[in-house]
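Here the structure comes first, spelled out in structure tokens, and everything after it is commentary.
The values are calculated or read from the model by the stated rules, or taken from the named source; none is laboratory data. This structure is a prediction, so every number in the text was calculated from the model and none was measured. So basically every Cβ, Gly included, is an ideal-geometry build from the backbone, and we count neighbours across all protein chains shown. All accessible areas refer to the heavy atoms of the entire protein, side chains included, with ligands and DNA or RNA removed. Shrake-Rupley method; radii C 1.70, N 1.55, O 1.52, S 1.80 Å.
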Amino acid sequence: MKLSVLFPVYNEAATVRTILDQVLAFRMPGLDKEILIIEGNSSDGTRDIVRGYEGRPGVQIFYEDKPRGKGAAVRAGLKHMTGDIVLIQDGDLEYKVSDYPKVLTPILEGKAEIVFGSRAKDPQTHWQYRKFRGFERLYGFWVNLGGVLLTGLFNFLYGTRLSDGATMFKVYKAEVFKDFELKSNGFDFDWEMQAHCAKSGRKFSEVSIAYKARSRAQGKKIVFWRDGLRVLWAILKFRFID
């Protein structure tokens, strides 16, 4: 089987080289790999770093003329991917490439069509997986709580039993996109995809993964109220309207 790693990246100069090298080095028996980097016209030097990966075997790079949002970048990657499995990788270090085997194995063994790497399954943190100091502590609490409430609402409306619907670590069999056209441009794209899969009766699985949260000061791009409302609207819209 072949793994397509979609790599949307924007203003991640401090970490993009480290995570890209880790993804390039990842190997798993019986699994080929391609990496599709979608660079959003960063202003911090990320684009220059990404250029250094041009010509690497299995790497394709697409340069946007302006940042259009993570969902738009993923949509661009989906048009060009050729793998049997799709994994979306952020340009920071919050999630570990060493957890790839955990999220890939259920699909490779035919036990699931979608696998979520759940941060809430860690018995030491459960839903409080963002812990910061000072003012950021309040931000972390509200984002943590927002994830719990939005996941609960999603479960109620779509009949799922997810523990962490807001995780980035989501892996899909490519076939789930054959009858689906992604529309969202922002961080709500994740919820659109899982809404489609839930309504289509796809089989979900969750595994526990490691997570090291970064703060707003370290480059976290989620704005609680703005992105929280977008996600709330996406959950409602894709259940009742679209």
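Data for the structure
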quantity: Of all DSSP beta bridges in the chain, antiparallel share, percent nearest 5; calculated: 25
quantity: Accessible area in square angstrom per residue, the chain, 1.4 angstrom probe; calculated: 48
quantity: Whole-percent carbon and sulfur share, accessible surface of the chain, 1.4 Å; calculated: 53
quantity: Cβ crowding within 10 Å averaged over residues, with 100-107, 43-50, 112-119 ranked highest first; calculated: 112-119, 100-107, 43-50
quantity: Gap separating the Cα centres of segment 174-208 and segment 20-55, nearest whole Å; calculated: 23
